[in-house]
1. Filtering region 450-503 down to residues that are closer than 15 Å to residue 414 by Cα and of a type in the set (Gly, Ala, Ser), which residue is surrounded by the fewest Cβ atoms within 10 Å (Cβ to Cβ)?
2. Please go through region 50-71 and pick out each residue that is in contact with a helix residue (DSSP H, G or I) (Cβ under 7 Å, 6 or more places away or on another chain), assigned to a strand (DSSP E or B) and within 10 Å of residue 465 (Cα to Cα).
3. Of everything in region 406-420, what is within 18 Å of residue 444 (Cβ to Cβ) and within 6 Å of the ligand (Cβ to nearest atom)? Give them in sequence order.
4. Of the conditions (1) within 30 Å of residue 48 (Cα to Cα); (2) outside any strand (DSSP E or B); (3) within 24 Å of the chain's Cα centre (by Cα), residue 489 fails just one. Which one is it?
5. Name the residue, out of 357, 336, that is over 12 Å from residue 297 (Cα atoms) and without any contact (Cβ under 8 Å) to a residue 60 or more places away in the chain.
6. I need every pair where a residue in region 83-100 that is assigned by TED's automatic domain parsing to the domain that holds residue 180 and under 15 Å from residue 316 (Cα atoms) has its Cβ under 8 Å from the Cβ of a residue that is part of a loop (DSSP other than H, G, I, E, B) and of a type in the set (A, V, I, L, M, F, W, C), sequence separation at least 6 or different chains.
7. Restricting the first residue to region 405-432 and requiring it to be in the same structural domain as residue 521 (by TED's automatic domain parsing) and within 27 Å of residue 260 (Cα to Cα), which pairs with a second residue that is more than 7 Å from the ligand (Cβ to nearest atom) and at pLDDT 95 or above meet a Cβ separation below 6 Å and a spacing of at least six or different chains?
8. Scan region 12-69 residue by residue and report those that are of a type in the set (Ser, Thr, Tyr) and either in contact with a Phe, Trp or Tyr (Cβ under 9 Å, 6 or more places away or on another chain) or over 18 Å from residue 436 (Cα atoms) (or both).
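The values are calculated or read from the model by the stated rules, or taken from the named source; none is laboratory data. Because the structure is a prediction, the values reported are computed rather than measured. In this analysis, Cβ positions are derived from the backbone assuming ideal geometry, glycine residues included, and neighbour counts consider all displayed protein chains.
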Amino acid sequence: MLVGSTKITKGTSDGRMLMDMRERAARDPNRFWAEQASLLEWFRSWDEVLYWNPPFAKWFINGLINASYNALDRHTPSKGDKVAIYWQGEDDDERRSITYRDMHREVNRVANALKGLGLRKGDRVTIYMPMVPELPIAMLACSRIGVIHSVVFSGFSAGALADRLNDSRSRLIITADGYYRRGKVINLKDNVDSALNACKSVEHIIILKRLIDGSSNASSSKGRSDVPYIDWHDIVDDQDANCEPEMVESNEPLFILYTSGTTGKPKGIVHSTGGYLTYANATFRWIFGIRDEDVYFCTADIGWVTGHSYVVYAPMLNATTIIMYEGTPDYPSVHRWFELIERYKATIFYTTPTALRMLMRYNIEYAKAHNLSSLRLLGTVGEPINPEVWLWYYKVVGEERCPIVDTWWQTETGAAMIANAAGIELLPMKPGSASIPLPGIDAVVVDDDGNEVRGEKGYLIVKRPWPGLMLTIWGDDERYKQVYWSRFSNAYYSADYAIVDEDGYFWLLGRADEVLKVAGHRLGTMEVESAIVAHQAVAEAAVIGKADAIKGEGIVVFVVPKQGYADYNELRVSIMKHVENTLGPIARPEQIYFVGKLPKTRSGKIMRRVLKAIVNNAQIGDTTTLEDEASIDEVRRIYEEFKKVTG
Ligand code: WTA
């Protein structure tokens, strides 16, 4: 396994301060985490720092806290006029600046509106909104009254929305009529309408009219006629701008966020209030060394975990000014993000390798085309970053002035786990490595038997709980135990491959399970497969990831069609459409191949490994358990022929 050897050192630090902090955390973790928790304001302090009943961790027991209070009320007396959000719509003329005082007022009003609808602590609200300021406002409003939010990425389809609504049994949906993407109107209300038919728990819908021409018929429902759409402004604007924050016990859930696993059913990752906030806050400070004057631009959509932790919660806990953009990085042009950095004098820019690979392809000297001198720190998240992309980022965007922090983490971990803690002390950077675990994080790489290994590929595990660790999977403690805590005894299994080098640096090598990372978005192969087999013409399907120069991975599908379907071109289009409708455009396959048979083991399991090797031009490896060698040849032949035709 090749790991890079380039090392870039900035400054004169010897890493001693960071190492001391790590040692202190390892010596007395409870004391260390209590110090981090004390950075927040609690209505009542905890009785016990950690109750560890493996694999369930409870942090800051009986401590009472409120997320929105910590994110807003703490700042409004002294920093009420500070900008919380610089918002930019896709249309350049659409701009908003929202102060911390504005945020406080709107959050309180929405919280009162939710109360008026009868929502109480512990109820679930699904938020299905584009990147508009009302999305974080809605999240914080939920947290103000102890309601658990479940944000569903606005790029997900009606089917994905319905699954998540039903699993969480949400009483309310907060949505928007639509939004703009690459100049087109994306209608969200139609998705809500069709999801609604299958969702009995929903009692109300609040809808924000985001579309400028208001052409959508936002108040009537084509879904369930007993569930009216209530206009956001009608229900919010006249509310009292004060709503007492609910005192929430530290271990009560703050939110559920669904993510893909190895089965067809997404997992509702449940995060606590006190532990999660403590961890998001601490890591944000350690990694970015956030300062009052910073203007921080994290490009993640709030529908994913990076948006939860590092667009909404951690920045707001620190009264940080953030930049929020509605659209995609390449619309109206590939200059968009850089225009925003220049316009608002961003100091920190945090994005994904996929976006960087896409921007790099245009070969633009952004630093020459824009004044990027305000930037002081760059970050990446979500996928391994190739060293050449890292170096491009470093030179072209950071002008060799800004360090890059590569942050490894997962929806389940709440916030970053392995990252160069530039806010404490920057270690030498190695392009392609996320560097070393943060203080208090006991991460190691082990072999199949659980023995720690160095210089060798293995599984990344974490041996001790930390405050950001998920509480459980919503409604399924057993699955939580199985997925994360059964592979190795008493350790959290990340399902990521990694290698630790001679300096103790971690190199992340992708997923060890059937989870794909398509443009940084997490998708399960089984999830896509179950969507595909639901198509009337499909008998069987196998989904695999194919290396993609920009997106990291692309989805490739092998389909065994049912008898009587002969027009493969038509079928291909129809299956593509079907997947988009069921899951959303992010799950759209790059290619679909039709075969008579899939390679399977004698016990009938599809050998995705074989298919993956074929499309990635890799060694097929051991096929002794294979039921029928002929199917490999057929798959290979079809794949090669198709490649010839399409070039
Ligand atoms: C991958 C995103 C390499 C990894 C925050 C993990 C990374 C999955 C990195 C979680 C990184 C995340 N380097 N790989 N810096 N960050 N990953 O839940 O495979 O959307 O398991 O959380 O992304 O994806 P998720």
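1. 494
2. Within region 50-71, 50, 59 meet the criteria.
3. From region 406-420, those within 18 Å of residue 444 (Cβ to Cβ) are 408-410, 412-413, 416-419; that's our starting set.
Matches in region 406-420: 408, 409, 410.
4. Answer for residue 489: the failing condition is (3).
5. Details: 357 fails: without any contact (Cβ under 8 Å) to a residue 60 or more places away in the chain.
From the options 357, 336, the qualifying one is 336.
6. So the pair list comes out as 100/319.
7. Going by the 6 Å Cβ cut-off, there are no qualifying pairs.
8. Step one: filter region 12-69 for residues of a type in the set (Ser, Thr, Tyr), giving 12-13, 38, 45, 51, 68-69.
Those that are of a type in the set (Ser, Thr, Tyr) and either in contact with a Phe, Trp or Tyr (Cβ under 9 Å, 6 or more places away or on another chain) or over 18 Å from residue 436 (Cα atoms) (or both): 12, 38, 45, 51, 68, 69.
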